[in-house]
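Below: one structure, written as structure tokens.
The values are calculated or read from the model by the stated rules, or taken from the named source; none is laboratory data. For clarity, every value in this text was computed on a predicted model and none was experimentally measured. Positions of Cβ are generated from backbone atoms using ideal geometry, with glycine treated the same way; all protein chains shown enter the neighbour counts. With ligands, DNA and RNA removed, areas are computed over all heavy atoms of the protein, side chains included. Shrake-Rupley method; radii C 1.70, N 1.55, O 1.52, S 1.80 Å.
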Amino acid sequence: MPARLKGLDDLDLKILKLVHERPRSGLLELARLLRVARGTVQARLDRMTADRVIVDFGPNLSPKALGHPVQAFTTLEVEQGSRAGISRILETIPELLEAHIVTGPGDVWCRIAGRDHEHIQQVIDRMLAIEGVRRSSTVITLSAVVPYRVLPLAEQA
């Protein structure tokens, strides 16, 4: 709902920044830092959650700390009529961090994590064994220059 996104004000942005910077802070702590009532913070968080500006409050996990330090981006070329079935099977692969239908030379863009390069190859082989997947193209990441982020978009809005 982009029209609702334009409704973010300075207090909303301050709350979003604090929740991002201090995810373990409680409502009272956030209210104290912002110098507003606890109910105000709760109402703002509830509204932003209902509007799907905030989509989760879960912890962000580190694949590296979970024993999967190598990441790769794999583009799958698939038979067009089989995307739904392929998506269901891809969801069963724990090393698959995310997947997107894309435009361009490939069809499905996947970010995967592995213990080492050999493990990445095994994950790709599992993907290639899925009926309807024709081929893949993979690049290994060396480092993250800019990690996944959304807060700058909220600040710009």
Work out which trypsin sites (Lys or Arg not before Pro) in the chain are exposed loop sites (DSSP not H, G, I, E or B, at most 13 other Cβ within 10 Å) and give the longest gap free of them.
-> 65-148
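Using alpha carbon coordinates only, what is the Rg to Rh ratio of segment 69-148, with Rh defined as the Kirkwood radius?
0.95
How much mean residue ellipticity at 222 nm does the chain get from its helices, if each DSSP H run of length 4 or more adds -39500 (n - 2.57) and you divide by all residues, to the nearest 500 deg cm²/dmol?
Details: 7 runs with 63 residues, N = 157.
Mean residue ellipticity, 222 nm, calculated: -11500 deg cm²/dmol.
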Degrees, to the nearest 10: 117-128 long Cα axis against longest axis of the chain = 80 degrees
Residue-by-residue Karplus 3J(HN,Hα) for segment 21-26, coefficients 6.51, -1.76, 1.60, Hz, glycine and proline x = 6, 10, x, 9, 6, x
Calculate one ³J(HN,Hα) per residue across segment 95-107 by plugging θ = phi - 60° into the Karplus curve 6.51 cos²θ - 1.76 cosθ + 1.60, and present them in order as whole Hz with x for glycine and proline.
-> 6, 7, 7, 6, 8, 9, 6, 10, 9, x, x, x, 10
Which option, [x] 24, 22, 18; [y] 38, 19, 13; [z] 24, 18, 13, is the value of semi-axes √(5λ) of the Cα gyration tensor in Å that was calculated from these coordinates?
-> [y]
Give the accessible surface of segment 2-55 per residue, rounded to a whole number of Å², with probe radius 1.4 Å and ligands, DNA and RNA excluded.
-> 68 Å²
Phi-derived 3J(HN,Hα) across segment 72-83 with the Karplus relation (6.51, -1.76, 1.60, θ = phi - 60°), rounded Hz, x for Gly and Pro, is 9, 10, 10, 9, 9, 9, 10, 6, 4, x, 10, 4
Using just the alpha carbons, could you tell me how many Å³ per residue the convex hull of segment 1-74 encloses?
-> 123 Å³
Surface share of carbon and sulfur [accessible, 1.4 angstrom probe, percent] for the chain = 54 percent
